[in-house]
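Novice: My questions will all concern the structure given below.
The values are calculated or read from the model by the stated rules, or taken from the named source; none is laboratory data. Given the structure is predicted, the values throughout are model-derived calculations rather than measurements. When we count neighbours, we look across all protein chains shown, and the Cβ atoms used for this are built from the backbone with ideal geometry, even at glycine. Please note that ligands, DNA and RNA were not included when accessible areas were found on the heavy atoms of the full protein model with its side chains. Shrake-Rupley method; radii C 1.70, N 1.55, O 1.52, S 1.80 Å.
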Amino acid sequence: MDAHISLTVDGTERSLDVDTRTTLLDALRERLAVTSPKKGCDHGQCGSCTVLLDGRRHLTCLTLAVAHDGAEVVTAAGLADDGLHPVQQAFLDHDGYQCGYCTPGQVCSAVGMLDEAKQGHPSHVTDDLVGDVDLDDDEIRERMSGNLCRCGAYPGILAAIREAATA
Amino acid sequence: MRAMRYLPAESPVWAVETVAGSPGAQFLAGGTNLVDHLKLGVTAPELLVDISRLPLDQVEQYDDGAGLRIGANVRNSDLAAHPLVRSRMPAVARALLSGASGQIRNQATTAGNLLQRTRCVYFQDVTTPCNKREPGSGCSALEGYGRYNAVLGASAACVTTHPSDLAVALAALDATVVVLGTEGERRVPFADLHRLPGDDPSVDTTLGDGELITSVEVPVSRASERSTYRKVRDRASFAFALVSVAAAVELDGPVVRDVRIAWGGVAHRPWRARLAEAALVGRELTEDAVRSAVDEELADAETTAQTAYKVPMLRNTTALTLTRLAEEETR
């Protein structure tokens, strides 16, 4: 069963017919050749498919494309404007990857997470639920727990996000 | 995955009328659990009615601040970050923040969280018998991997636990679930929403055909303001509970005036520990008092070699959680 949808992907409007079973991840990668979001576990456990969907970090593998007609998708590739996004630059500066497969998801997740923190959202490790958010290392680790790196580049990822948070 | 039709809901009433009477139809909200089940073959609906864009996304006070009415589509992350949830019912915020990951909390909804299905490995593995997924096929968890199994209220047909953290906090705080059906609206006390497995574990809740949760009402009280949620798990983040405790307390000096205790990871539904609560009301809140109250609640617990750890874990976690709350109260 097909449905017609439109998406704005990294600033470009795209229209396509999708089978209702198509995930947003497969629509992006297989139909629109937008390969920045990666298919890792395909079950919402690894975070490599993370994009910013209508401004918030979101797992495209657990999302049906048909349910997001009209949505705005920003992938890691779309974050770069005139030069790299500060989070991307920080990942480069701190070696926040080894093979790089999880990196687009890590970067999108970090950008979304920093915005959540800026809005004052608490996390599981926030002591004072009604106080200000101080993005220390424990906070960054907890807030990024939905993104796995099987190369184990976590020290570099943490350092990159710490720098981006204080920039 | 089986081919399916997809319809965006025009209104709550339209959604209910479309799903009621159609066994192959299901509601779709955030999709974090349902889309996974479509892929795994755990479920194969003919029609998805997408309710995620219905305007059920507000958190508002009712009856001059007597409580908060939470729309069914309020995202877990938005609910956890809501100022009144953080200040007036911290157990709800803490429970939400201990669940899943940042991305999933951005997608998952309030009602969807309550209606998520068990993470029992056999339920999710269609190559194995499971009475919840395929009634009458048997329970693989009885003799298989059982570390997450229930210790209270289980049956020979099903020994699994309910996975939601939010549900445990809402059970402790005496929430009410507002439900829309073909006959109109009804209000369900939270304790009556989820059921024990009995001989039909395929049914998780008491919701009728086509019934749609539209909101959840959570009363504010002295106890809700002095509440918290503590979750014990195998890793520090992004894991389901081995056991969890939602607790709320109101003290009169050292003496317990009101106490609420609910447990996750122990039963087919959030387990409100009313025997333990009754044992504590009117008494001084000490670690020993909590421990013996927990033991009263667990008198009927049935454990195996794989779940025996849950009894001391519940005793210790409940004692720690309540004594810390009491320290905050008297500070």
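Novice: Applying a 10 Å radius around every beta-carbon, put A:46-52, B:182-188, B:172-178 in order of their mean neighbour count, most first. Please report the intermediate quantities before stating the final value.
Specialist: Details: A:46-52: 27.7, B:182-188: 12.1, B:172-178: 23.1.
By packing density, highest mean first, the sequence is A:46-52, B:172-178, B:182-188.
Novice: For n ≥ 4 DSSP H runs only, could you compute -39500 (n - 2.57) per run for chain B, divide by its residues and tell me the 222 nm figure to the nearest 500? Intermediate results must be reported in sequence, preceding the final value.
Specialist: On the way: 12 runs with 97 residues, N = 331.
Result for chain B: -8000 deg cm²/dmol, rounded to the nearest 500.
Novice: Also, quick follow-up: Can you give me the C-alpha center-to-center distance between the range B:216-260 and the range B:192-213, rounded to a whole angstrom?
Specialist: The range B:216-260 and the range B:192-213 have Cα centres separated by 25 Å.
Novice: Still on this model: Could you order B:Thr32, B:Thr317 by accessible surface area, starting with the largest, using a probe radius of 1.4 Å?
Specialist: Order by accessible area, largest first: B:Thr32, B:Thr317.
Novice: I would also like to ask the following. Could you tell me whether the range B:232-331 comes out rounded, prolate or oblate from its Cα gyration tensor? Rule is a ≥ b ≥ c as square roots of the eigenvalues, rounded for a/c under 1.5, then prolate if a/b exceeds b/c, otherwise oblate. Provide the component values of the computation, followed by the final result.
Specialist: Working: a/c = 2.17, a/b = 1.54, b/c = 1.41.
Verdict is prolate for the range B:232-331.
Novice: What FRET efficiency do you get for B:Tyr309 and A:Asp82 if R0 is 41 Å and r is their Cβ-Cβ distance, rounded to the nearest 0.05?
Specialist: Numbers: r = 56 Å, r/R0 = 1.37.
Efficiency, rounded to the nearest 0.05: 0.15.
Novice: Sticking with this one: Would you mind checking the range B:307-328 for residues with the amide N under 16 Å from a putative spin-label position 7 Å along Cα→C-beta of B:Ser292?
Specialist: Label zone hits: B:319.
Novice: Return, for the Cα atoms of chain A, the radius of gyration and Dmax in Å, separated by a comma.
Specialist: Rg, Dmax (Cα atoms, Å): 16.1, 49.
Novice: If the viscosity is 0.692 mPa s and the temperature 37 °C, what Stokes-Einstein diffusion coefficient in µm²/s follows for the protein assembly as shown when Rh is the Kirkwood radius over Cα pairs? Write down the numbers at each step before the final one.
Specialist: Values: Rh = 23.4 Å.
Here the translational diffusion coefficient equals 140 µm²/s.
Novice: Which order do B:Trp271, B:Trp263 take by accessible area at a 1.4 Å probe, largest first? Don't jump to the answer; show the numbers that get you there.
Specialist: On the way: B:Trp271 45, B:Trp263 0 Å².
Putting B:Trp271, B:Trp263 in descending order of accessible area: B:Trp271, B:Trp263.
Novice: So for B:Arg230, B:Arg222, what's the accessible-area order with a 1.4 Å probe, most first?
Specialist: Ranking B:Arg230, B:Arg222 by accessible area, largest first, yields B:Arg222, B:Arg230.
Novice: Sequence gap at least 6, Cα distance under 8 Å: using those rules, report the relative contact order of chain B to the nearest whole percent.
Specialist: On the way: 752 pairs, mean separation 56.4, N = 331.
Once divided by the residue count of chain B, the mean separation gives 17 percent.
Novice: Report, in deg cm²/dmol and to the nearest 500, the calculated mean residue ellipticity at 222 nm for chain A, where each DSSP H run with n ≥ 4 adds -39500 (n - 2.57) and the sum is divided by the residue count. The partial results should precede the final answer.
Specialist: On the way: 5 runs with 48 residues, N = 167.
Rounded to the nearest 500, the figure is -8500 deg cm²/dmol.
Novice: Turning to a different aspect of this structure: Averaged across orientations, what area in nm² does the convex hull of the alpha carbons in the range B:1-111 project? Spell out each step's value before the answer.
Specialist: Details: hull surface 31.8 nm².
For the range B:1-111, the mean projected area of the Cα convex hull comes to 7.9 nm².
Novice: Based on the alpha carbon coordinates of the range A:86-166, what radius of gyration and maximum Cα-Cα distance (Dmax) apply, in Å?
Specialist: Rg then Dmax for the range A:86-166, in Å: 12.2, 39.
Novice: For chain A, modelled as a Gaussian network with Cα springs under 10 Å, which listed residue fluctuates most, A:Thr103, A:Thr60, A:Thr12?
Specialist: Top of the fluctuation ranking is A:Thr12.
Novice: Mind checking which lysines have their Cα closer than 28 Å to the Cα of B:Lys231? Skip sequence neighbours fewer than 8 apart in that chain.
Specialist: Reachable lysines: A:Lys118, B:Lys132, B:Lys310.
Novice: Additional query: Restricting things to Cα coordinates, could you compute the convex hull volume per residue of the range B:45-200 in Å³? Kindly include the intermediate steps, with their values, before the conclusion.
Specialist: Numbers: hull volume 23.9 nm³, N = 156.
Per residue, the Cα convex hull of the range B:45-200 comes to 153 Å³.
Novice: Now, a different point. Would you please state which residues of the range B:53-78 a label at B:Ser22 would reach in this model, taking the label point 7 Å out along Cα→Cβ and a backbone N cut-off of under 11 Å?
Specialist: none
Novice: Right, another one. Give the span of chain B's Cα atoms along each principal axis, as three whole-Å numbers ordered largest to smallest.
Specialist: 60, 51, 35
Novice: Another one. Calculate, in nm to one decimal, what B:Glu10 and B:Arg53 gain on full extension: separation in residues at 0.36 nm each, minus their alpha carbon distance. Intermediate values should be presented prior to the final figure.
Specialist: Values: separation 43, 0.36 × 43 = 15.48 nm, distance 0.90 nm.
Fully extending the segment from B:Glu10 to B:Arg53 adds 14.6 nm.
Novice: Separate question: What length, rounded to one decimal in nm, is gained on full extension from A:Asp95 through to A:Arg31, with 0.36 nm per residue of separation minus their alpha-carbon distance?
Specialist: Numbers: separation 64, 0.36 × 64 = 23.04 nm, distance 3.18 nm.
Net length gain for the segment: 19.9 nm.
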